[in-house]
1. So, THR394, is that one open to solvent by less than 60 Å² (accessible area, probe 1.4 Å) and either at pLDDT 75 or above or among the small types (Gly, Ala, Ser) (or both) or not?
2. Anything in segment 120-132 that is buried (at least 21 other Cβ atoms within 10 Å of the Cβ) and closer than 16 Å to MET29 by Cβ? List them, or say none.
3. Restricting attention to segment 152-176, report how many residues are open to solvent by 10 Å² or more (accessible area, probe 1.4 Å), touching a residue at least 24 places away in the same chain (Cβ under 8 Å) and farther than 19 Å from CYS247 by Cα.
4. Give the residues of segment 177-192 that are of a type in the set (A, V, I, L, M, F, W, C) and without any contact (Cβ under 8 Å) to a residue 12 or more places away in the chain, sorted by residue number.
5. Of the residues that sit in segment 187-196 and are assigned to a helix (DSSP H, G or I) and closer than 12 Å to PHE225 by Cα, which one is modelled with the lowest pLDDT?
6. Within segment 255-273, track down each residue that is more than 8 Å from the ligand (Cβ to nearest atom) and in a helix (DSSP H, G or I).
7. With the requirement that a residue be assigned to a helix (DSSP H, G or I), open to solvent by 10 Å² or more (accessible area, probe 1.4 Å) and in contact with a Phe, Trp or Tyr (Cβ under 9 Å, 6 or more places away or on another chain), what does segment 218-246 give you?
8. Within segment 130-181, count every residue that is of a type in the set (Asp, Glu) and within 16 Å of the ligand (Cβ to nearest atom).
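The values are calculated or read from the model by the stated rules, or taken from the named source; none is laboratory data. Please read these numbers as outputs of a predicted model, since none were measured by experiment. Using ideal geometry, Cβ is built from the backbone for each residue, glycine included, and neighbour counts are taken over all protein chains shown. Just the protein is used for accessible areas: all its heavy atoms, side chains included, with ligands, DNA and RNA removed. Shrake-Rupley method; radii C 1.70, N 1.55, O 1.52, S 1.80 Å.
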Amino acid sequence: MLAWFSINARDLPWRRTRDPYAIWVSEIMLQQTQVKTVIPYWNRWMRELTTIEAVAKARSDKIHKLWEGLGYYTRARNLQKAARQIMEKHSVKSKPRRRRGNESQIKRKSETPHVVSYKFPDNFDDILALPGIGRYTAGAICSIAFNQPTPILDGNVIRVLTRLFGIRKNPREEKTNAQLWRLAQELVEHAAASPFICRRRRKESHSISISSQRLLTSSPTCAHFNQSLMELGALVCTPRNPQCEICPVKMLCVAFREGRVGELPNLGKREAATARRFIAFVVERNGRFLVRQRPAGAVNAHLWEFPNVEINPSLCSSPAKRDQSAHYSRKKSQSRLTSAATVQEHDREIIRAAQILGLEPCDVKPFCTVKHSITRYRITLEAFCVHLGRTSYTSPYPKGAKSGTRITRPSENNEVWLPLAKLNLLALPSAHRKILQKLDAKTT
Ligand code: SF4
């Protein structure tokens, strides 16, 4: 595996460093996210926030803007919480620097403050105690940054191990999961205790490049072994069409030998995707657009969005589909009548959504439809343009006011009216960013 990794490892920016901060950021970004998506985000983050201290002191809007589009924004907030915790709990006091100077200065030596610095913890338990870090991430940081024999078990490693050892049971079950962790532990410990494997391989492998040989000899074995497992799962032992013919461990692989590669891992039945539908309004008044910030604790907390409401997902959506349904509804079959009823119900939903948001739906025009998936949700977001006069917006959440009270803009409760240029500076969830991009394209 080490020899294979030395030749086949992808050249990823976080693999060019042993800095635990850089590796930690990459591991958090890589959770639920593909490598090619993460690369530009990681580069930008490391350029903007070069140290843990910079993360700890960064403004929340900067953190969210740097994470915009990666999703699962709790990860970014936890990174900042953890950075602050490191500054607080893992500070290192260095001795005060001796001053040169006259006697009065020397007398005040005891008053000279200690220089306070901080250090990324290098102990598994301390790393695990940081917000947003679980067993996998703590193991990855310990092994990759500090070359410690700590196991890792992510989706790629689960796939490799279940196939390699022919494990038939569902890896999500507690017992099987514990078995996989044990295997991962034994393997990395074995790698740590077997440096001779590298030397022998080097002698045998005439075809290995000089840089690869250097990587083998100076190899931080635990770091490379754990990464080789993940890399094998990402490049060779893939969920569909694994390339067993070129796999470095095919001679040992139970699933390959028994012809059961396609059956493993046995992840049981997938939960069916749930459809969700939202209506959003791009409300414009005097060249400014209404946006609101999502509250703490909600999904996509602290991000900005166009006002929107969730509606019945079974109603038909796109203007084209609605026109089609309306066209068919003019004919007289029962099903066509049903289509007409659905169209009417959909239009009523738009009016209701506008009313919930305190908008007078006098001039509502379809704008665009954005589709995307988050975890098990298939989300459709229909956006409509609303042009308002001066006093036609009623806040749904007027602070201390009775329901229906009209208030003057800009309103309270994290709602603001902004010109397009300023909207672009905010962090928005991907779907709302797409609406904004369309709006940008339309107005330029
Ligand atoms: Fe995966 Fe095939 Fe290699 Fe087995 S032989 S570990 S199934 S790629």
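1. Judged against the criteria, THR394 is not a match.
2. Correct list: LEU130 only.
3. The number of residues fulfilling the criteria is 6.
4. ALA178
5. PRO195
6. ARG257, GLU258, GLY262, GLU263 - these are the residues of segment 255-273 that are more than 8 Å from the ligand (Cβ to nearest atom) and in a helix (DSSP H, G or I).
7. Listed by number, the residues that qualify are HIS224, PHE225, GLN227, CYS244.
8. Count: 1.
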